[in-house]
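Structure first, commentary second.
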Amino acid sequence: MTFCHTLKSTAIGAILAGIACGPALAGTVTLENTFALANQLADPRSNFHPQGLGYDTATNELLYMQQSSRTIFRSDLSGNITGSLGITLNHTTSVAGDGANYYVSDYTSNTSGPDLFRVDKTTGVPTNMSTDVAGYGGYPIDVRDGNLYRTNVSTTYGWANLNQIRISAVATPDAGVQTVTLATGAGIGDIAVDSTRNNVWVLDYSAGAALRRFDLATGAELDSFSLGLDGLTGGLTYANDKLYYYDWVSGSGSTLSVFTLSGFTEVPEPGAIALLGIGLFGLGVARRRRTA
């Protein structure tokens, strides 16, 4: 008789079996649609580093960040451009948004320029919001529920050294920072935070990029998917339980791909399983006492 079948022989055991023996992390990533993007999203200038894709949680719009275009483009979730905003920065590599502002990472003069900016949604005026100055090529960022998520700083023009997520309040980005080291050696091309499950989706920094899901509490890798993506000229974001992937092609031919997520369930905290185990043990003791 199996362990799980034995557990199910009692009422509380059935509950414990459902937690301890049921499928916990099984899930699928399915391509739902691919949209051709306007040529404004294929800027042919010196975009020699990763492009960025973000999500504005206030307007339900996608945000596109091309390194040398000095413009934040907005689109609906099917890739139709809804507006743009010029910004006075140099080499921008990532973007996010909330009800108050846009947020972008940038690099200027290598280590002597600030890397993280808050951008006024109306004027496009950027304000330095962090002491980070070490990044040669900016870094991936995301903003969710009042929290800022960003990787460690890049130490070369590539992002192969990125393997951490720094979490802080948007209002105080350099205070109370929690750092989670991800179990990856592939670098990070872009990130997409699922704050409901406390997960981060990561696009490998490579031409043949895997799409990986990590636990933001432990840094453990939960899933890996080979979907034929490019992490060197791509961007990634999360919205409405879907992943959006921006494949930048210089001049023309950029696309937006939408992936549906299904079956990704939350795993019970270890303490919950332990408590149920104690309860099951206690029930067994009580039954023995009554039959003694």
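The values are calculated or read from the model by the stated rules, or taken from the named source; none is laboratory data. These numbers were taken from a predicted model, which means no experiment stands behind them. As a convention, Cβ positions derive from the backbone with ideal geometry for all residues, glycine included, and neighbour counts pool all protein chains shown. All accessible areas refer to the heavy atoms of the entire protein, side chains included, with ligands and DNA or RNA removed. Shrake-Rupley method; radii C 1.70, N 1.55, O 1.52, S 1.80 Å.
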Quiz item: Which residue out of ALA175, ALA207, ALA183, ALA171 is among the hydrophobic types (A, V, I, L, M, F, W, C), free of Cβ contacts under 8 Å to residues at least 24 places away in the same chain, out of contact with any Phe, Trp or Tyr (no Cβ under 6 Å at 6 or more places or on another chain) and surrounded by fewer than 19 Cβ atoms within 10 Å (Cβ to Cβ)?
Solution: ALA175
Practice problem: Could you list, in sequence order, all residues of the stretch 243-266 that are open to solvent by 10 Å² or more (accessible area, probe 1.4 Å), touching a residue at least 24 places away in the same chain (Cβ under 8 Å) and over 22 Å from LEU222 (Cα atoms)? | Solution: TRP248, VAL249, SER250, GLY251, SER252, GLY253, THR255, SER257
Practice problem: Looking only at the stretch 149-165, decide whether some residue is open to solvent by 40 Å² or more (accessible area, probe 1.4 Å) and in contact with a His (Cβ under 9 Å, 6 or more places away or on another chain). | Solution: yes
Quiz item: How many residues, within the stretch 150-179, are within 21 Å of THR57 (Cβ to Cβ) and either in a strand (DSSP E or B) or at pLDDT below 95 (or both)?
Solution: 8
Exercise. Would you mind listing the strands (runs of 3 or more DSSP E) fully within the stretch 49-141 where at least 1 residues are buried (at least 20 other Cβ atoms within 10 Å of the Cβ)?
Key: 52-56, 61-65, 71-75, 91-97, 101-107, 116-120, 126-128
Practice problem: From (1) among the aliphatic types (A, V, I, L, M); (2) modelled with pLDDT under 95; (3) out of contact with any Asp or Glu (no Cβ under 6 Å at 6 or more places or on another chain), pick out the condition that doesn't hold for LEU89. | Solution: (3)
Quiz item: Can you spot a residue in the stretch 189-203 that is buried (at least 22 other Cβ atoms within 10 Å of the Cβ) and assigned to a loop (DSSP other than H, G, I, E, B)?
Solution: yes
